[in-house]
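Peer 1: Below is the structure I would like to discuss, written out as structure tokens.
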Amino acid sequence: MKNYKAKLGKVNTFIFDFDGVLSDGMVLLTEEGHYLRKTSVKDGYALQLAVKKGFRIIIISGAKAEGMHKRLYNLNIKDIFLGVENKLEKYKEVKEKYGFEDENVVYMGDDIPDFEVLKSVGVATCPADAATEIKEIADYISDKKGGEGCARDIIEQVLKIHKLWMNNDAYHW
């Protein structure tokens with residue numbers, strides 16, 4: 001892994017995959033055919049705090065479910081792209097829309113559909129249980145698995161570098 005901490009001071013945008021990053025990657029299938037996903041409230045706390053602190057949070061996921069959208073929207077995340085077939089194209093689209101540079105982005109992905117975007121961003125990160133190919137190109141591999149606090153891990157590190165972690169307003173959710 002490269003020295004990623006030196007790059008965190010330039011970060012103003014977080015992009016996350018959903019399944020395998022914000023969820024544990026497992027789905028329960030109900031009799032009605034609905035998929036249920038498990039997410040971490042610790043990740044949720046960090047996501048909404050990053051938004052409050054002025055960071056851009058973007059979700060780019062190949063999966064698509066109303067429950068995912070509701071969860072993210074309730075955390076004040078507005079840039080939610082579900083059902084994305086080509087994540088690199090979507091990344092380039094949002095990069096152009098907001099005018100940020102690759103060096104301003106932390107991306108966390110866990111599997112092959114994230115590979116090309118991870119190669120493009122300033123800080124490529126992944127959960128502990130990411131695919132081998134993803135770990136090989138990651139600047140940082142969290143010690144947390146997908147859906148078990150990996151998003152909070154990298155958000156906390158960035159907020160600490162920016163001196164925005166554990167401020168008085170951080171206690172209120």
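Peer 1: Just wondering, is there one or more residues in the range 121-141 that are polar (S, T, N, Q), touching a residue at least 40 places away in the same chain (Cβ under 8 Å) and in a loop (DSSP other than H, G, I, E, B)?
Peer 2: no
Peer 1: I'd like to check which helices (runs of 4 or more DSSP H) are fully inside the range 1-100 and have at least 2 residues that are closer than 19 Å to C126 by Cβ and in contact with a Phe, Trp or Tyr (Cβ under 9 Å, 6 or more places away or on another chain).
Peer 2: Of the helices (runs of 4 or more DSSP H) lying wholly inside the range 1-100, those with at least 2 residues that are closer than 19 Å to C126 by Cβ and in contact with a Phe, Trp or Tyr (Cβ under 9 Å, 6 or more places away or on another chain) span 41-52, 87-98.
Peer 1: Moving on to the next point. Any residue at all in the range 155-163 that's basic (K, R), at positive phi and either part of a helix (DSSP H, G or I) or free of Cβ contacts under 8 Å to residues at least 24 places away in the same chain (or both)?
Peer 2: Yes, that holds for at least one residue.
Peer 1: Among F100, F115, which is the only one that is of a type in the set (F, W, Y), out of contact with any strand residue (DSSP E or B) (no Cβ under 9 Å at 6 or more places or on another chain) and either farther than 22 Å from E156 by Cβ or in contact (Cβ under 8 Å) with a residue 12 or more places away in the chain (or both)?
Peer 2: That would be F115, the only listed residue that is of a type in the set (F, W, Y), out of contact with any strand residue (DSSP E or B) (no Cβ under 9 Å at 6 or more places or on another chain) and either farther than 22 Å from E156 by Cβ or in contact (Cβ under 8 Å) with a residue 12 or more places away in the chain (or both).
Peer 1: Would you point out which residue out of Y91, Y73 is among the hydroxyl-bearing types (S, T, Y), loosely packed, with under 13 Cβ neighbours inside 10 Å, out of contact with any His (no Cβ under 9 Å at 6 or more places or on another chain) and more than 16 Å from G20 (Cβ to Cβ)?
Peer 2: Exactly one of Y91, Y73 is among the hydroxyl-bearing types (S, T, Y), loosely packed, with under 13 Cβ neighbours inside 10 Å, out of contact with any His (no Cβ under 9 Å at 6 or more places or on another chain) and more than 16 Å from G20 (Cβ to Cβ), namely Y73.
Peer 1: Is it true that K64 is surrounded by fewer than 23 Cβ atoms within 10 Å (Cβ to Cβ), at pLDDT below 95, touching an Asp or Glu at 6+ places or on another chain (Cβ under 6 Å) and farther than 22 Å from W165 by Cβ?
Peer 2: When the stated conditions are applied, K64 does not pass them.
Peer 1: For the range 94-126, give me each residue that is aromatic (F, W, Y), within 25 Å of D24 (Cβ to Cβ) and surrounded by fewer than 20 Cβ atoms within 10 Å (Cβ to Cβ).
Peer 2: Residue satisfying the conditions is F115 alone.
Peer 1: Further question on the same structure: Given (1) crowded, with 18+ Cβ neighbours inside 10 Å; (2) within 22 Å of F115 (Cβ to Cβ), where does T39 come up short, assuming only one miss?
Peer 2: (2)
Peer 1: Another question, if that's okay. So how many residues does the range 110-122 have that are touching a Gly at 6+ places or on another chain (Cβ under 8 Å) and either over 12 Å from D139 (Cβ atoms) or modelled with pLDDT under 95 (or both)?
Peer 2: Within the range 110-122, residues that are touching a Gly at 6+ places or on another chain (Cβ under 8 Å) and either over 12 Å from D139 (Cβ atoms) or modelled with pLDDT under 95 (or both) number 5.
The values are calculated or read from the model by the stated rules, or taken from the named source; none is laboratory data. As the structure is a prediction and not an experimental result, all values here were calculated from the model. A quick note on method: Cβ atoms are made from the backbone with ideal geometry, for glycine too, and the neighbour counts reach across all protein chains shown.
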